[in-house]
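See structure below.
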Amino acid sequence: MPILEQTTSSTALDLAWVRSQFPALAQIVHGHPAVFLDGPGGTQVPQRVIDAIADYLSRNNANTGGAYHTSRNTDRMIAEARSAMGDFLNCDADEIVFGPNMTTLTYAMSRALGRELGSGDEIVLTLLDHDANFSPWKALEEKGVVIRTVKFNEEDCTLDMRDLAAKIGKNTRLVAVGYASNAVGTINDVAEVVRLARQAGALSYIDAVHYAPHGPIDVRALDCDFMVCSTYKFFGPHMGVLYGKREHLKRLRPYKVRPNTDHIPNCWEWGTLNHECIAGIKACVDYWEELGRRAKPEVTTRRAAILAAHEAIHQHERKMTEKMIAGLLAIPRLTLYGISAPRHFDNRCATCVVRIEGHTPLELATKLGERGFFTWDGNYYALNLTEQLDVERLGGFLRIGLVHYNTIEEVERLLAALREIVG
Ligand SMILES: Cc1ncc(COP(=O)(O)O)c(C=O)c1O
């Protein structure tokens, strides 16, 4: 089971307040209110994130490490953002590495880990993962590393845990697995993956990009070695964040320029970072904190507020998922890929992919787009998945991604629009 930290009493999401925070949600497109169902590709941001970015550029725009006002403010701001992300993932600030996106951070880590690997070493990957948690590791084949891939069960797109256990052996050095699939929405049992990796003496690398807006992440409880996510998927700016256990960040040797310090986490951060977006990341975590404090006023710490926010989000997303999946399954000639039985909904997020006979995903996304619904078509870089399900040559799937700022009413309108389009 995925790890869900429990808080004691039940919390409710203040949806009117939530929606008022996101200026983009008020847009009218082609005469229709815009409905953002493209969260898995990137979420909208609250006003405070926009303000923090603009404020940083207006007043504190400087490089780091200078002996003057704006540079010192920049250093302070980055330290605060690191500590905020530490609370988001439940780790220390010096275990947080900022980077342009998850893909770049993962290539950087695969290069560094690859320095220690050679012929006969094995890496275990899954066919359910986004390619950003596949290709950077597969690139190490050039060093003689053997890649072993784990299958998924085609009926419900869950990871084949038996296959995973069988693929991990005495030569396994790393197991790289997604927390949740950005295509079919499956939440993987990452606690078990980490346990199996550790038992074999291998490192675990968890891609939490898709999971982060939907569920709480606790790297300490999971005891994983690495965890990556992208802030633009959970209401922040376009950046990536990597958690690495301090011992690994210290021991491994990043490729880096000489003047860059050898101290963690800076030695993993190449060149000048996107400071304005880091200011936006701090504001993004502030948003999570306020959401949680509104849902559960008795919380005392930022971490507890973030968990309370997740609890409120979970309940709301669950209701929308139930309505969405029941409505989709009632549409003739529609196939939903992934978990569809409500009793297993704890193992999926509110991300649905479908195909409808007689309509390509691109046609459906285009017609929905004309009606103000922003959905996605294709493979979303989950290429192994669309190839194994043999839908890659057919245009992949139509993806409908719900996040906490969506509403039950939007779900109903989307279902009505789909019914109308397919006749
Ligand atoms: C599950 C998952 N992993 C990795 C990525 C890549 O993230 P980034 O765009 O930050 O490189 C994505 C992007 O969609 C994703 O959904």
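The values are calculated or read from the model by the stated rules, or taken from the named source; none is laboratory data. In this text, all values refer to a predicted model and were calculated from it rather than measured experimentally. FYI the Cβ positions are ideal-geometry reconstructions off the backbone, even for glycines, and counts take in every protein chain you see. Remember, those area values only see protein heavy atoms, side chains included, never the ligands or the DNA or RNA. Shrake-Rupley method; radii C 1.70, N 1.55, O 1.52, S 1.80 Å.
Brief remarks on what is shown
- Condition met for Cys277 (within 15 Å of the ligand (Cβ to nearest atom) and more than 15 Å from the chain's Cα centre (by Cα)): yes
- Among (1) under 19 Å from Glu80 (Cβ atoms); (2) within 18 Å of the chain's Cα centre (by Cα); (3) of a type in the set (Val, Ile, Thr) - the single one Thr301 does not satisfy: (2)
- The one condition in (1) under 16 Å from the mean Cα position of the chain (by Cα); (2) within 16 Å of the ligand (Cβ to nearest atom); (3) crowded, with 21+ Cβ neighbours inside 10 Å that Val219 fails to fulfil: (2)
Let's see how each residue does on (1) within 16 Å of the ligand (Cβ to nearest atom); (2) over 25 Å from the mean Cα position of the chain (by Cα):
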residue: Trp376; (1), (2): yes, no
residue: Thr386; (1), (2): yes, no
residue: Gly395; (1), (2): no, no
residue: Leu402; (1), (2): yes, no
residue: Ile421; (1), (2): no, yes
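- Qualifying residues in segment 237-271 (those that are within 16 Å of the ligand (Cβ to nearest atom) and farther than 14 Å from Arg82 by Cα) - the one surrounded by the most Cβ atoms within 10 Å (Cβ to Cβ): Pro237
- For segment 124-155, filtered to residues that are in contact (Cβ under 8 Å) with a residue 24 or more places away in the chain and among the small types (Gly, Ala, Ser), the residue that is farthest from the ligand (Cβ to nearest atom) is Gly144.
- If you go through segment 185-216 and keep only what is more than 11 Å from the ligand (Cβ to nearest atom), in contact with a Lys or Arg (Cβ under 9 Å, 6 or more places away or on another chain) and assigned to a loop (DSSP other than H, G, I, E, B), you end up with Ala200, Gly201, Ala202.
- Residues located in segment 225-234, provided they are open to solvent by less than 10 Å² (accessible area, probe 1.4 Å) and within 15 Å of the ligand (Cβ to nearest atom): Phe226, Met227, Val228, Cys229, Ser230, Thr231, Phe234
- Segment 33-61, subset open to solvent by 30 Å² or more (accessible area, probe 1.4 Å) and within 20 Å of the chain's Cα centre (by Cα), residue nearest to Glu410 (Cα to Cα): Gln44
- Filtered by the rule that a residue be open to solvent by less than 20 Å² (accessible area, probe 1.4 Å), more than 24 Å from Asp207 (Cα to Cα) and part of a loop (DSSP other than H, G, I, E, B), segment 363-390 gives a lone residue, Gly372.
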